[in-house]
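Written out below as structure tokens is the structure these notes cover.
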Amino acid sequence: MQATSEKSPLQVSVPKAAKRAPTLASLKGYYYTTDFGTSVPLSVARRYMVQITPFATDSVEIFNLMGGQRAVKGVYNASTGVIKVKPQVTYVDSKYGSLYCCLVDLDKKAYYSDAEIEFNVSADGNISVGSWGIFVLRGEYKGVQIVSSKSRFYKANAMITDHSLSQTVDSMKVRTYPACYTRESKTQIAVRNFYNCGSEVVMTVDSTGAVYMPHQVLAVSGITKFYNYCITNYTNASDVKLKASGLNGTFAADSITFGAWAMSRSTVRSQIVESLVKSVIKVPDTFAPFTAALGLNGSGTETDPYLVTNAQDLEALANAVNHNASYKDANGNVFTGVYFKQTADIDMASVLNHEPIGVDKVAFNGRYDGQNHTISNLTQDRRDEFNAGLFGSTGENAEVINIKFVNSSVRTSKSRIGTVVGENSGKVSGITVTGGYVGSDAFYNGGIVGINNGTGVVENTAYSGTVEGEGMDGGVVGVNYGTVNLSWSDATINVTAKKGSAGGVCGSSSRATSSINDCYFTGVITDTYGEGEIGGIVGYFYLGTINRCWNGGQVNASFTQAHTGATGGIVGRGIGIKVNDSYNSGIVRSYKSDVVGGLAGKFEMGKAGTTTESDAPEFNGCLNTGMLFCSPSAQNNELAGSFEGDTAIISNTYFDGQVCFNGSTEHSLPTATLASGDAPEGFNASAWALAAGHYPQLAKCAATEKSKLDAVPFTLAAGETVKRLKSAFTVCTDNNVKWQFFNGGKLTSTGHGLKLNGNNVTVTATAAVSDTLTATLGNEFRIYILKVVPDEFDGQGTAASPYLIKTKDDILKIKNAVDVQLYDYTGVYFKLANDIDMGGKTDFFGFSVHGVDYAFNGTLDGDGHAIKNWKVNRSFAADGGYVNDMESAMAGLMIYTGHKSVIKNLNIAADCQIEAGSYVAGVASYNGGRIENCRNYASVKAVKTGAAGVVAYNAEGSAVTGCYNVGTVLTGQSVVGGVVGANFGTVDCCQNDGVVGAAVLTSFESDSTKLENVGGVIGVNNAIVTNSLNQGYVSGGNSVGGVIGYNNYRTTNKQLLSTGVVYSFANLDKLGTVFGSYNASNTVTADCYYDSQLAGKNAGNALAVDGVSKLPTASLVSGEALKGLDAEQWDYVKGQYPVLKAFASEPAAQFNRGNYILFASEGKTDSRFSVRYASEVVVQKGVTFALKNAKNFTLSGTTLNIAAITEVERDTLTFTSGNYTKQYPLFAAPKMLPNGEGTKANPWRIASVA
């Protein structure tokens, strides 16, 4: 928990103190303390001993809170039984310093450094406290914390003496220390602080005083666990053998004694911590033998059943079943055919920890009839034992019927746990549980039954309360292999581990014979971690059937974590199952996974690889009218998020196409049709309750309050949906349903853009807005999110009549809809009516900022118009310096584009300036859709990483086609391309004529070798690039390429041409005219070309790449078509470089293709890296050219000359036409020898040794 410091509230709610509080003097002693964690309910965070010492008249000193080995002072009020402790130093840490104890409010995530903590002392001397913690209150580490959701202090009332076998120091051979002893029931004992390591152990005692302590964890250090082991051959410390079994002991008089045992990590002798001769626990209790005979009135027959009248009788039944072997048959069953009848309401408050009836492979096999009496305050903590519940295990002939449970709590760290039965093979019927709690640290957790085996039947049951565990958590049954009928739950179900399954009725169900019939759920399921399989009726179901079941509850997958599981209104994941006549009207919520659906998250074949109809999953006669809250990337999932192939059978199954719409029209019906009072085609009329004006409801659930609420619809105008609402609509108020909007934290008749008057709702919004519509009936409610999209633009938003964008304000309206109202415009069309003036310097850095799943998903057609006068800079802080953390500061007209988006025919004008931290581009920072025929003329700069003229990051499955850049594009670190920065999708028919570079832009990055991955068209390619050209000037440190800076493996590169100058100021080994760096693994490269007189290599790390051809300038400007570069797409003109036809008329393209140097080709061909002879300067009319230095390089008309030199000569020739420049860095070296040219025809001639 990240708590914040606050002033204490005026009143702090604390538990009520005991009526008769202990005296001050009686507080003296040791207390075994348990701190509970904050993340998982009832999880133990720490165990330790504290010591309380009274002094003066009302003061106490508490030593070792939070294990801090320090004393804190408090004041005790004997009349209220409360110790008040002010914040004070409780713990001193070597790194963080002093930590102070403070009151905590977990709901507010706040701590109070000015409030007292109240420790409440009960009549039995034990102490409890609510949420508190220790905090650093000042300095560098302020806020560092250790927090407990609650703590319990059990007063030590016993002493343990350990007699060591292995200790050699006299003082350690016999050790005595305090402990806490609790006789939880006649047969169960809890001892806290066993072995003086803070552990809590549970042991059983039989009628004769024989004690058994199960093999269990006593201590944990890091990931290492230490257990109790029985020593089987006690001789001496160096020769012991261990057995991984529990310890046997005796309870005589006031002492419990265990014989030889060991504390060890395993049975291996070298891992023994200590061997003990014996351990003796002296307790405040005297053992008295008792009988395990049943001892109930009656004879156990159907006409004269055994009578259960009070808590003692239930304990007697448990003792007889669990500890009297005379009642057990050869199959481990007890009381087969024997009848029991409860004759009165039973309060179990006096039983601290009820032992289940049926444990250790012993199953109750009789008939228990509660006669509709209550069992209240049932408390059970099985700790490290399986099978928890009133009954631990029931046999095939068992019946447990007609009981009402009130305020029950059943818990274990193991599995198979239910209020009524942990593991059922018989019949459980006529059960209601209210105020229940079922929780474990494992699986098979059900409100009524943990596991229902194949012969088991659970019917006519109801559970209201909480169920939580690591998976297979169900409101009624944890795991079902049998039959569940006519049962319901409104439980709060929490999945506390990854990959767990949970369902409103059954957490999981398997086997072809298993079925769930006539059941419903109206509670809340939450998968906190994600990755689970959760459904309104069942989380995971393999092969069985669901008949006439309804979910009216909430099914919530993780909000904050990536969710890889499956979430559905009826079933999370169904494999080969049949779902008949079932219905979802509840809320299904999963924003982190696409495997989410109105009825099913995932629907699969019953057998892998099969396509036979009998193995196909099936929906028949089903309906969805519930709201689906999911990521926009999850589409067409009104019925199921994922179908395996085309094999699923969907017959006579529908959804409300206006309320549930999420992209699909198949199986869709409008609200008015569903609420007509007529059964939808193919529905089994006997299963449904039908009424005009109402949704169909399952007949057996129709009388419930939630069903009455969910039957009542609201009806939108024809053709409109909750995702695009423009017109007035009506609500139905039958069944006394009340409709309101949630606005400003209150329920009201007025929403943000809608107003309710009676049954009529009118649109008041003038801009896109979201409203929350609620329907309530008693304690039940429904919510709907309505996207109100009034006509803000001219046009209809269709392909034939797109919305017209005319001004900057229109752009901002789209931003409001997408970024504030989260409206993605799927299927909506926009067109620029004219150039848009953005008004100069602006805070607008782009719209669609919330990620690709919440991005603009419509079509924007620039129609050849431009965004103008847009100047944005997200790089500077308020003081004028560069912002240090710039990774998240993106900029582009669109920050993200959605998977269905199309952006086309749009220009970013030359008077725009776009600068930000990372992923900066003219059109889109991150493209998730399609961008075509867009052109950037603006300067783009990323002071960190990721810059491009058009798209900084082109995602997998996305496309950039027909796009062009002439603007200057720079990055201060890496990944920069003229058109695309990083490509994971497809880039086709793109051209760069601008300057592209990586340079030192800030003090954050001054290492020029890290200025890398610079490409004329693409900075880094991870996918497909075709038909693309670079004519611009490209410069950087490492991996600098004419077309692609860094080409990764498994890529495709075809029809690429590089005729621009490529320059590296750091590493010539990573400089190439086509590729800066090239990974050849599984890479396809073909029909690629470069001007060999502009660079010596086609890839920086390879002299040659298959599929790339080097050609001299003269060949490239010959006007002849290049093989593979189709004349339909490429423009060939004699005397000019080839360019893409789409951009042949661009002034920069004409300038770059028509102005160049024809280096000499006689003998050894010259290049800009090696100029030896006079070269021809080809220049267009009106273009000027000049040398920078003009020392040994000189110009004579259009002839470039080089003088005879004795040392290296460098210069730069620059062409200029208006705003366009083109540079040729030139290099010349003196002749190696006076005679010859170094060619084959005229080699260097060696005339002497010198």
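None of the figures in this text is laboratory data; all of them are computed from the coordinates on show. As the structure is a prediction and not an experimental result, all values here were calculated from the model. Backbone-built Cβ (ideal geometry, glycine too); neighbour counts: all protein chains shown.
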For this session: With unit charges on the beta carbon (Lys/Arg positive, Asp/Glu negative), name the residue among Thr291, Val433, Met890 whose Cα is farthest towards the positive pole of the charge dipole of the chain.
Result: Met890
Problem set entry | Most to least packed among 166-175, 268-277, 1084-1093 [average Cβ atoms within 10 Å] | 1084-1093, 268-277, 166-175
Seminar exercise, completed: Largest-first semi-axes in Å of the equivalent ellipsoid built from the Cα gyration tensor of region 4-155 are 24, 17, 15
For this session: Fewest Cβ neighbours within 10 Å first, please rank Cys549, Cys197 accordingly.
Result: Cys197, Cys549
Exercise. How big is D, in µm² s⁻¹, for region 737-878 by Stokes-Einstein at 10 °C and 1.306 mPa s if Rh is the Kirkwood radius over C-alpha pairs?
Worked result: 92 µm²/s
For this session: Would you order Ile357, Ile117 from fewest to most other beta-carbon atoms within 10 Å of each residue's own beta-carbon?
Result: Ile117, Ile357
For this session: Starting from the Cα coordinates of region 465-543, work out the convex hull volume and express it per residue in Å³.
Result: 63 Å³
Exercise. Picking from Val268, Thr232, Ala219, whose Cα lies most toward the positive end of the charge dipole for region 208-278 (charges on Cβ: Lys, Arg +1; Asp, Glu -1)?
Worked result: Val268
For this session: Rank Leu832, Asn873, Val818 by how far each Cα sits towards the positive end of the charge dipole of region 794-878 (+1 on Lys, Arg Cβ; -1 on Asp, Glu Cβ) and give me just the farthest.
Result: Asn873
Exercise. If you average over every viewing direction, what projected area does the convex hull of the Cα atoms of region 712-788 give, in nm²?
Worked result: 4.8 nm²
For this session: Can you pull the one-decimal nm distance between simple spin-label points at Ala56 and Ser26, each 7 Å off the Cα toward Cβ?
Result: 2.3 nm
Exercise. Per the Kirkwood formula on distinct C-alpha pairs, the Rh of region 794-878 is how many angstrom?
Worked result: 13.6 Å
Exercise. How many nm separate the modelled label positions at Asn1201 and Asp1106, each set 7 Å beyond the Cα in the direction of the Cβ?
Worked result: 4.9 nm
Exercise. Relative to the present Cα-Cα distance, how much length would full extension add between Thr168 and Val1179 at 0.36 nm per residue of separation?
Worked result: 354.0 nm
Problem set entry | Linear extension gain, Ile785 paired with Thr1221, 0.36 nm per residue minus alpha-carbon span | 151.4 nm
Exercise. Using a simple charge model, +1 on the beta-carbon of Lys and Arg, -1 on the beta-carbon of Asp and Glu, nothing else, what dipole does region 158-282 show about its Cα centre, in debye to the nearest 20?
Worked result: 160 debye
Seminar exercise, completed: Rg from C-alpha atoms of region 1155-1228, normalised by the globular rule of thumb 2.2 N^0.38 Å, equals 1.06
Exercise. What's the FRET efficiency of Thr176 with Thr250 using the Cβ-Cβ distance as r and R₀ = 25 Å, to the nearest 0.05?
Worked result: 0.80
Exercise. What ranking of Met890, Met159 emerges when the number of other C-beta atoms within 10 Å of each C-beta is taken as an exposure proxy, fewest first?
Worked result: Met159, Met890
Exercise. Dipole of region 4-155, Cα-centred, from +1 at each Lys and Arg C-beta and -1 at each Asp and Glu C-beta, to the nearest 20 debye?
Worked result: 200 debye
Exercise. What is the packing order of peptides 583-589, 697-703, 1180-1186, 568-574, taking the mean over residues of other C-beta atoms within 10 Å and listing the highest first?
Worked result: 568-574, 583-589, 697-703, 1180-1186
Problem set entry | Size of charge dipole - the chain - debye, nearest 20, with Cβ of Lys, Arg +1 and Asp, Glu -1, no other charges | 2720 debye
Problem set entry | Contour minus Cα-Cα distance for Leu307 and Leu1187 (0.36 nm per residue) | 305.5 nm
Seminar exercise, completed: To the nearest 0.05, the calculated FRET efficiency linking Ala703 and Thr772 through their beta-carbon distance, R0 being 41 Å, is 0.90
For this session: Working from the alpha-carbon coordinates of the chain, get Rg over Rh, Rh being the Kirkwood radius.
Result: 1.09
